[in-house]
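Novice: Here's a structure for you.
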Amino acid sequence: EAQVTQNPRYLITVTGKKLTVTCSQNMNHEYMSWYRQDPGLGLRQIYYSMNVEVTDKGDVPEGYKVSRKEKRNFPLILESPSPNQTSLYFCASSLGSSGIWGNTGELFFGEGSRLTVL
Amino acid sequence: AQSVTQLDSQVPVFEEAPVELRCNYSSSVSVYLFWYVQYPNQGLQLLLKYLSGSTLVKGINGFEAEFNKSQTSFHLRKPSVHISDTAEYFCAVSDRNTGTASKLTFGTGTRLQVTL
């Protein structure tokens with residue numbers, strides 16, 4: 001089954017304790033991205049990756065890191081989490097630039113990771 | 001830069017009634033338009049998309065949307081809703097020229113609440 005898998009789904013942690021949220025897709029997608037969802041703000045992009053070893057900042061990258069060493073994996077790292085990073089996080093993937101429509105913006109999402117930082 | 005405005009944060013509606021969820025966008029270039037749906041405790045999934053051609057687009061679960069370039073709108077409609085349509089709906093826009101998901105901009109969402 002084609003899917004984007006995130007872990008953990010739920011996590012409560014304390015300020016300053018490093019954590020990693022993993023994301024893996026089995027669709028051979030070139031493009032991957034992380035979003036955070038907050039009430040009244042919709043989805044905001046944190047980081048994205050157009051391909052292996054290529055990453056770039058989204059709209060709200062502060063306090064986050066990512067890496068893309070393999071095509072299927074795109075972990076989100078919070079080196080020193082703070083309470084304002086309490087949020088619902090989504091990983092998403094999409095086809096690359098090949099194909100008639102290129103990469104039109106159709107994304108496949110994981111089920112989300114709810115993070116609480118105390 | 002592009003932006004998306006979803007005018008209604010919540011829309012309550014009775015089952016079997018029609019519904020329209022409004023979406024307006026702002027962009028200096030041509031765009032692709034999307035509606036995504038998020039059911040409780042799930043990720044987002046694509047409901048429908050406008051890439052080109054007919055301005056009336058049909059999606060899954062009986063939803064449709066109409067692209068109106070002059071009014072820069074992409075409103076979502078369903079003639080008769082069901083309890084199972086209760087969810088949050090997001091309108092999104094991406095830049096046609098660059099054609100990349102890296103510039104996909106989401107609205108703030110509209111919560112559709114269907115009751116008996």
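The numbers here are math on the coordinates, done by the rules we state, and not lab data. Please read these numbers as outputs of a predicted model, since none were measured by experiment. Reconstructed Cβ throughout: ideal geometry from the backbone, glycine too, with neighbour counts over all protein chains shown.
Novice: What are the principal axis extents of the Cα atoms in chain B, in Å, biggest first?
Specialist: Dimensions of chain B along the principal axes of its Cα atoms: 44, 29, 22 Å.
Novice: What's the magnitude of the charge dipole for the protein assembly as shown around its Cα centre, counting Lys and Arg as +1 and Asp and Glu as -1 at the beta-carbon? Answer in Debye, nearest 20.
Specialist: The calculation lands at about 480 debye.
Novice: Shifting gears a bit: How much length would be gained if the chain were fully extended between B:I83 and B:I60, taking 0.36 nm per residue of separation minus their Cα-Cα distance, in nm to one decimal? Walk me through the numbers on the way to the answer.
Specialist: On the way: separation 23, 0.36 × 23 = 8.28 nm, distance 1.55 nm.
6.7 nm is the gain from fully extending B:I83 to B:I60.
Novice: In the structure shown, do any of B:K49/B:K78; A:K69/B:K49; A:K18/A:K69; A:K57/B:K69; A:K57/B:K49 have a Cα-Cα gap over 23 Å, and if so which?
Specialist: A:K69/B:K49; A:K57/B:K69; A:K57/B:K49
Novice: How big is the equivalent ellipsoid of region A:14-71 along its three axes, where each semi-axis is √(5λ) from the Cα gyration tensor, reported in whole Å from largest to smallest?
Specialist: Semi-axes (√(5λ), whole Å): 21, 15, 11.
Novice: Here's something else I'd like to know. Towards the positive end of the charge dipole of the protein assembly as shown, with charges on Cβ (+1 Lys, Arg; -1 Asp, Glu), say which of B:T115, A:A92, B:S70 has the farthest Cα.
Specialist: A:A92
Novice: Give me a comma-separated list of calculated 3J(HN,Hα) values for region A:27-40, in order, Karplus coefficients 6.51, -1.76, 1.60 applied at θ = phi - 60°, integers in Hz, x for any Gly or Pro.
Specialist: Rounded to whole hertz, the list is 10, 6, 6, 7, 9, 9, 8, 10, 10, 10, 10, 10, x, x.
Novice: Checking a compactness column here: for region B:1-62, what do you get for Rg(Cα) / (2.2 N^0.38 Å), N being the number of residues?
Specialist: Details: Rg = 13.5 Å, N = 62, 2.2 N^0.38 = 10.6 Å.
In units of the 2.2 N^0.38 Å rule of thumb, it is 1.28.
Novice: If I take every Cα pair under 8 Å that is 6 or more residues apart in chain A, average their sequence separation and divide by the length, what percent do I get for the relative contact order?
Specialist: 35
Novice: Let me ask something else about it. Treating only the Cα positions of the protein assembly as shown as identical point scatterers, give the base-10 log of I(q)/I(0) from the Debye formula at each q in 0.13, 0.18 Å⁻¹.
Specialist: For the protein assembly as shown, the Cα-only Debye profile gives -0.77, -1.36.
Novice: Hey, another quick one. Can you tell me the Rg and the Dmax, both Å, for the Cα atoms in region A:3-118?
Specialist: 13.7, 47
Novice: Checking the cross-link filter: which lysines have an alpha carbon closer than 22 Å to that of A:K17, excluding same-chain neighbours under 8 positions apart?
Specialist: Reachable lysines: A:K65.
Novice: Report the local net charge at A:N28: Lys and Arg +1, Asp and Glu -1, summed over other residues whose C-beta lies under 12 Å from its C-beta.
Specialist: 0
Novice: Could you work out the local net charge near A:P8, counting Lys and Arg as +1, Asp and Glu as -1, over the other residues with Cβ closer than 13 Å to its Cβ?
Specialist: Overall, the nearby charge balance is +1.
Novice: Another question, then. Gain in length, A:I77 to A:L41, computed as 0.36 nm per residue apart minus the alpha-carbon separation, to one decimal in nm?
Specialist: Using 0.36 nm per residue and subtracting the Cα-Cα distance, I get 10.8 nm.
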